[in-house]
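Notes for the one structure printed next.
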Amino acid sequence: MDIREMSALELGSAIRKKEISCREAAEAYLAAIGEKDKSIGAYITVLDSIGEENSDGVNISGDKTVSGGSGTAGCLKKTALMQADAVQARIDAGDLDHAPLAGVPAAIKDNMCMKGIRTTAASAILDGFYPPYDAGAVERLENAGGVVLGKVNMDEFAMGGSTETSHYGITANPWDTSRVPGGSSGGSAAAVAAGMAAYSLGSDTGGSIRQPAAFTGLTGIKPTYGSVSRYGLLAYASSLDQIGPLAHDVRDAAAVLSMISGPDRRDSTSVLKESFDFSDCFYGEIRGMKIGIPSNYYGEGLDPEIRDAVFSAAKLLEKNGARVEEFQMPIIDYAVPAYYIIACAEASSNLSRYDGIKYGHRTKNADNLIETYYKSRSEGFGTEVKRRIMLGSFVLSSGYFDAYYKKALKVRGLIKKAFDEAYQKYDMILSPVSPTPAYEIGGQIADPMAMYMADIYTVSVNLAGLPAISIPCGFTEGGLPIGMQFIGDSFGEKKIITMADAYQQMTDYHKKRPEIFGKGGAE
């Protein structure tokens, strides 16, 4: 069997049994990246070789995908194969007997710090930035024997829903390269969907794990706020951002979430006392579990094929013992404006640190300090980031704070209250992830309002700090994946994972792969 056709857990088991070596697994995925990524564009940096770099962090040979080299002070010489060999030594010594994903190759969204590895958040303002430390989630992944293949593309500073705002180019959807893979974790999704990583880490501020998962036929989990450390995550909106996994199926994604979750004293929002344990969630009983369907989610603007797929999934679950009931949740209609006011306000504050002085890009055309600030930020930030900084600064200004930001916070509280009331009746909520399947590249980038409204089903989860899991539930007539999401109560990951896994045991949508998956790679 092709190494890349195995699930992450199957590959981890084969590695522990010494049927496959860590190096063989890494080599298979690196070969696939070399063959496929020219047409997908998922990776910004691939840890495939140590090459000399110039002062801008660009490989002298012209290859954009390189690990840290000798040309930048403090760069760590670490490739995927070096990591694989180190993990193999730990496995041989018996140090990773209880690490189910040890040696399994992964991709990391490029807004998570990796020590000595270029980390850009897909922005020109951080090109050439090499962090001196690992993000908390990356640290946990590596401690558990994860092998990082590289850093993957995203919308600049996670601001976008299509991975078209990246300074490093557009990422294509492996199911149809004329379409977007979603965003902002589009590179994380495309890398897994195309067979260029066994799983990946993304971040979700308003749906940025779940929507790419839906567009590419993957499983993506946005965990409860505070369950995964945000230490070392380059912030977009601090009260909304949360790191989570993307994988081919629920069990792989759950294993990754178990690995990266848990307490971190370096993150003041970290609240878990210990990591999640989902060992009792599989083959679980769903008979009697109550699923609420907000009927106002299924009105005008929702693609009929998506509506039909989600309702078909609900009927299948009902047939197998779950109880499904429709209800009204009208406050959700205000989620998108509230989300963008709060997110942009926090972004305007978080991105003020990128001033051309401390790190990253500094203009060469300034005569004084004020010009350095102005020109560095003008040159370093893209159009969408500038738009959100300006909107955030506006709603925080003295004349508009009460009219916009303060009201948005009140709406956020009402949304959380509405979810709390729903969970008094239901174990979880079932909804679409996106109103449309993956759209064509360029289809919405010129219309920010259309792209913002596409977040209508996802942003309320982040405003309320809840967990949600996106899983494939069908395909359009044109062969594009359709996703649905289960939304749980705070720290209700076990319930939604049990339900999602039960659905995947009844269906095979998660087992289907795009044509490009089978091209390239090694046995």
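The values are calculated or read from the model by the stated rules, or taken from the named source; none is laboratory data. All values reported here derive from a predicted model rather than from experimental measurement. Heads up, the Cβs are rebuilt from the backbone with ideal geometry, glycines too, and the neighbour counts pull from every protein chain shown. Ligands, DNA and RNA are stripped out before the accessible areas are found, and what is left, the full protein with its side chains, is counted by its heavy atoms. Shrake-Rupley method; radii C 1.70, N 1.55, O 1.52, S 1.80 Å.
Extension gain for A89-K18 works out to 24.4 nm (0.36 nm per residue, less the C-alpha to C-alpha distance).
Taking every alpha-carbon pair under 8 Å whose residues sit at least 6 apart, the range 243-381 reaches a relative contact order of 15 percent. Can you list the aspartates and glutamates whose alpha carbon sits under 13 Å from that of K364, skipping same-chain ones fewer than 8 residues off? List returned: E379. For the chain, the mean projected area of the C-alpha convex hull, equal to one quarter of the hull surface, is 22.9 nm².
Placing R0 at 30 angstrom, the Cβ-Cβ distance between S378 and A446 gives a FRET efficiency of 0.90 after rounding to 0.05. Evaluated at q = 0.14 Å⁻¹, a Debye calculation over the C-alpha positions of the range 199-307 (equal weights, vacuum) places log10 I(q)/I(0) at -0.69.
When all alpha carbon pairs of the range 384-523 are counted in 10 Å bins from zero, the resulting P(r) reads 9, 27, 31, 23, 8, 2, 0 %. The aspartates and glutamates within cross-link reach of K407, meaning a Cα-to-Cα straight distance under 16 Å and a gap of 8 or more places when in the same chain, are D333, E346. Reported to the nearest whole Å, the Cα centre-to-centre distance from the range 142-203 to the range 271-295 is 27. Residue-normalised convex hull volume from the C-alpha trace of the range 165-222: 77 Å³ per residue.
In the full protein context, the range 231-380 carries 47 Å² of accessible surface per residue, based on a 1.4 Å probe and ignoring ligands, DNA and RNA. Which of the trypsin sites (Lys or Arg not before Pro) across the range 358-464 are loop residues per DSSP, with 11 or fewer other Cβ within 10 Å? Those that pass, being in a loop and sparsely packed, are K358, K364, K425. Mind scanning K416/K511; K78/K386; K38/K78; K151/K290 and naming the pairs with a C-alpha gap bigger than 31 Å? In this structure, K416/K511; K78/K386; K151/K290 lie more than 31 Å apart at Cα. Ellipsoid fit via the Cα gyration tensor, the range 246-332: semi-axes of 31, 19, 14 Å, each the root of five times an eigenvalue, largest first. Its relative contact order, with pairs defined as Cα atoms under 8 Å and 6+ residues apart, puts the range 177-312 at 19 percent.
Structural descriptor for the range 391-523: relative contact order 23 percent, calculated from alpha carbon pairs under 8 angstrom and at least 6 residues apart.
Could you please state, rounded to a whole Å, how far the C-alpha centre of the range 213-260 is from the C-alpha centre of the range 434-472? Between the Cα centre of the range 213-260 and that of the range 434-472, the gap is 16 Å. Our Cα-only numbers for the range 121-243 put the radius of gyration and Dmax at 13.5, 38 Å.
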